[in-house]
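Read through the structure below, which is laid out as C-alpha cells, and then see the notes.
The values are calculated or read from the model by the stated rules, or taken from the named source; none is laboratory data. Everything numeric in this text was worked out from a predicted model, so none of it was measured. With ideal geometry, Cβ positions are generated from the backbone for all residues, glycine too; neighbour counts draw on all protein chains shown.
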Amino acid sequence: MKYSELNDLTREELRQKETELRDELFKLRFRQATTQLENPMRIREIRRDIARIQTAQRVLAATTPAAEASGAPAKGGS
C-alpha cells in the first residue's frame, strides 16, 4: 500500500484499515510462532502499512480545524 492511496481515505476508513491490518498482523505472528508462516516478509509489509496509516491519521488530524478548536496545546508550546 502506498501513502498516496491513503490520502484519499477518510478518518473512519483509515481506522478500519488499521484495525484490519493489526488483526492480520496478530494472526501472522501467531502462525510464525507455530512455524507455519509461508511468507515472513508479509509481517514487515503490514508493520510498515500500519505506520503509513498512522502517519496519514496524524496529518489528517493536524490539517482539520477540529484539532485547533479542541483547545489542545500545540506541540512544544509553553
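Couple of notes before you dig in:
- Looking across region 28-46 at every residue that is among the basic types (Lys, Arg) and surrounded by 12 or more Cβ atoms within 10 Å (Cβ to Cβ), the one that is farthest from the chain's Cα centre (by Cα) is identified as Arg31.
- The criterion of at least 3 residues that are modelled with pLDDT of 90 or more and hydrophobic (A, V, I, L, M, F, W, C) is met by the following helices (runs of 4 or more DSSP H) wholly inside the chain: 11-33, 41-63.
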